[in-house]
Amino acid sequence: MREVTSEWISKAEGDYHSAEVLFYQIEIPEIDAGCFHCQQCAEKYVKAFLTEHDIDFPRNHDLVRLLDYAWLLMKVSKKSAITCVNLRTMGLSFVIQA
């Protein structure tokens, strides 16, 4: 695995851990912030996948657009695309409310 791919994965896992803490390890869960970290986690895993396969992608936060690049290598299920849309919506909702 390439070093830059490992960096993306490490950042994704950091977001996953942050979401877990925000959902489960504090007295009053921070749902909006947890959802934001879920979106960030998914985005970084997709970027890790694209990076590992030498696919150039735009530096943005659009999961659906990033997933389009993954189609170049594998067929991503419709369920995965819908999940990305939902995560993008939750992430944007958090940013707008913050």
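Readers should treat all values here as calculations from the given coordinates under stated rules, not as data from a laboratory. Keep in mind that what you see is a predicted model, and the values were worked out from it rather than measured. Cβ placement follows ideal geometry from the backbone for every residue including glycine, while neighbour counts extend to all protein chains displayed.
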Rounded to whole Hz and in sequence order, give me ³J(HN,Hα) for region 14-21 from the Karplus expression 6.51 cos²θ - 1.76 cosθ + 1.60, θ = phi - 60°, writing x for Gly and Pro.
x, 5, 4, 4, 4, 4, 4, 4
Using the Cα atoms of region 1-59, I'd like the radius of gyration and the largest Cα-Cα distance, Dmax, both in angstrom.
13.1, 43
Label D62 and F23 with points 7 Å out from Cα along Cα→Cβ: what is the distance between them in nm?
2.7
Would you kindly state how much longer the chain becomes between W71 and E30 on full extension, computed as 0.36 nm times their sequence separation minus their alpha carbon distance, in nm to one decimal?
11.4 nm
Which order, highest average first, do 56-64, 8-16 follow once you tally other Cβ atoms within 10 Å for each residue and take the mean per peptide?
8-16, 56-64
